Amino acid sequence: MSTLFNPPHTSQNTLEALVSNWLRLNNIPQIGYIRLSTSATKLSCSLSQLLTKSHSQLSAIGWSSEQVNAMSINNKTLSKQKAQTLAWICESDQHHFVSLECEDYPPLLKQISRPPLFLFVSGNIALLSQPQIAFVGSRKASFSAVQTTHDLIQNLAEHTCALSVSGLALGIDAACHQASLANNLPTIGVLGCGVDVVYPKRHKQLYMDVAQSGALVSEFLLGTFPVATMFPRRNRIISGMSLGTVVVEAKIKSGSLVTAKYAIEQNREVFAIPNNVNNPNAHGCHWLIKQGAKLTEDIQDILDEIPSIAKQPKKADNKTHEDLASDLLLDSVDYVATSIDSIVMLTAMPLNEVLLQLLEYELRGLITSTAQGYVKLKAK
């Protein structure tokens, strides 16, 4: 039987038993997935079937008396967890509790060395089985890094069948989810807290939008508030669910590099976006490239390494742009802020014509205006 805990045909008693059993496994002291898996192998059973083994069988394979007794104790903490989980499941048909033995558990996540025993999922559970690409980076992302993320997501939606995954944090994470929503690309947010906790609080609307259009995922019990030690655990899920991880902008010591490290350990692809060498938030990406990560400039770099996610490209637009601004003008705008005076001087064009054509480029998404001047976003 599938251990997805809220199928419509599941009786209340069966539902309660399934939830209780996996929470019991989770509450065994000083034991994790590897030890549980080893124990199941020794006893020739599945993880959930460990609960049916006798005290003598478990003691014989090295379990302590405390661990053995925890299998049968129905304490107040466990009862509260069970009641809270069941109430949450019943709130919505978009609330799911998925065990490691469930057919809806993310297939790639099952392959990592320490997969979560279960996941809380709010949203479209079917998305967990679709191909995914992770996007991570600095919480204090530069303008160019945010724009690069938007460009990559737009092309991911257009040229691939993959979804986007990130951690719903500030900076690049938020840019990933926002760009995905803007391009009608389903996106998955993996949380470093309970799936019912909004963090950071300013992302309340983004949290709701991702849950509605995609899915929110967490291995932490409901009501769990974030602490620093939870985010590396969250990061291993982000990379573990994904075919590849794109690091857009990151310092040497950052959670993004932790995610990249997990991706490498999980034998997944790692992509890194190069940036200004004087930008400290770029040093992590440059270090990854030196270590063998794929230097990534556009979606084709991702498709070169993961061709399975490519879809049939749309027919090219045959419209010409003869009436658009000149290449000379675009060439005069740098990837860092360029003043209007500099552009006029470099092009030797009248100011009113320069302003008109800059507006035309801005409408095409080739440049953007900032307080310091104009910044090139991409070549024509």
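What follows draws every value from the coordinates through simple rules; no lab data is involved. Quick caveat: nothing in here was measured; it's all calculated off a predicted structure. No Cβ is skipped: glycine too gets one built from the backbone with ideal geometry, and neighbour counts run over all protein chains shown.
Assign unit charges at the C-beta atoms only (+1 for Lys and Arg, -1 for Asp and Glu), then state the dipole size of region 100-154 relative to its Cα centre in Debye, rounded to the nearest 20.
Working: 4 positive and 4 negative charges, 68 e Å.
Taking the Cα centre of region 100-154 as origin, the dipole is about 320 debye.
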Mind checking which of 228, 169, 157 has the largest fluctuation in a GNM of the chain, springs on alpha carbons under 10 Å? 228
Summed side-chain charge close to residue 35 - residues other than residue 35 whose Cβ falls under 13 Å, Lys, Arg +1, Asp, Glu -1: +2
Summed side-chain charge close to residue 294 - residues other than residue 294 whose Cβ falls under 9 Å, Lys, Arg +1, Asp, Glu -1: -4
GNM top mover of 218, 113, 180 - the chain, alpha-carbon springs below 10 Å: 113
Between helix 230-240 and the chain, what is the angle of the helix's C-alpha long axis to the longest principal axis, kept within 0 to 90° and rounded to the nearest 10? 80 degrees
If you place +1 on the Cβ of every Lys and Arg and -1 on the Cβ of every Asp and Glu, how big does the dipole about the Cα centre of region 90-193 come out, in debye to the nearest 20? 440 debye
Roughly how tilted is helix 255-265, in degrees to the nearest 10 and between 0 and 90, from the longest Cα axis of the chain? 70 degrees
Rounded to the nearest 20 debye, dipole of the chain from Cβ charges on Lys, Arg, Asp, Glu: 1760 debye
Aspartates and glutamates whose Cα lies under 12 Å from that of residue 261, excluding same-chain neighbours fewer than 8 positions away: 269
Extreme residue, positive dipole direction of the chain, given options 111, 145, 31 (C-beta unit charges): 31
Taking GluC sites (Glu not before Pro) as candidate sites, keep only those in a DSSP loop with at most 15 other Cβ atoms within 10 Å, then name the longest stretch of the chain containing none of them. 104-296
Residue 207: net charge of surrounding residues, Cβ under 14 Å, Lys/Arg +1, Asp/Glu -1, itself excluded? 0
